[in-house]
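Chemist: Got a structure here, written out as structure tokens. Questions coming.
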Amino acid sequence: MTPSVGRGQAQAPACTALPRLLVFDLDDCCWTPEMHELSGMPSVEVEGPLDPHDNGSTLGVVGMKVPSGRRGGWGNYGTDEEEVVELFDGARQVFRELAYVSSIVCVSMRALL
């Protein structure tokens, strides 16, 4: 059903196709440094407090390290010999909250089944 359009009003084009893939470039939005700045692929987990405002919080993965260690470190978890991709505090908090909400949804869905 097409909505009626009055005189002088433009009708929005119909959305007939949706993209198959959306790409979000999250470099330097959720983590630092940008991936193209690294000498290799980060593959070693870096552990730290999951709550960025509470150093006594549960530990979990807060970044990834490049095993080569050819360039200087960034952030709180790298040394001069390491390349560490570190989640920004705000991103870490959002991802933590999303994981918590997802776990509640999963438990609720299991209860319904």
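The values are calculated or read from the model by the stated rules, or taken from the named source; none is laboratory data. All values derive from a computational prediction rather than experimental measurement. All Cβ positions, glycine included, derive from the backbone under ideal geometry; neighbour counts span all protein chains shown.
Chemist: Residues of segment 41-63 being assigned to a loop (DSSP other than H, G, I, E, B) and surrounded by fewer than 13 Cβ atoms within 10 Å (Cβ to Cβ), which ones? Break it down into steps so the answer makes sense when it comes.
Modeler: We begin by selecting, within segment 41-63, every residue assigned to a loop (DSSP other than H, G, I, E, B); these are 41-43, 50-58.
Of everything in segment 41-63, those that are assigned to a loop (DSSP other than H, G, I, E, B) and surrounded by fewer than 13 Cβ atoms within 10 Å (Cβ to Cβ) turn out to be Met41, Ser43, His53, Asp54, Asn55, Gly56, Thr58.
Chemist: May I pose another question? In this structure, does Glu86 turn out to be under 15 Å from the mean Cα position of the chain (by Cα), at pLDDT 75 or above, assigned to a strand (DSSP E or B) and of a type in the set (Asp, Glu)?
Modeler: yes
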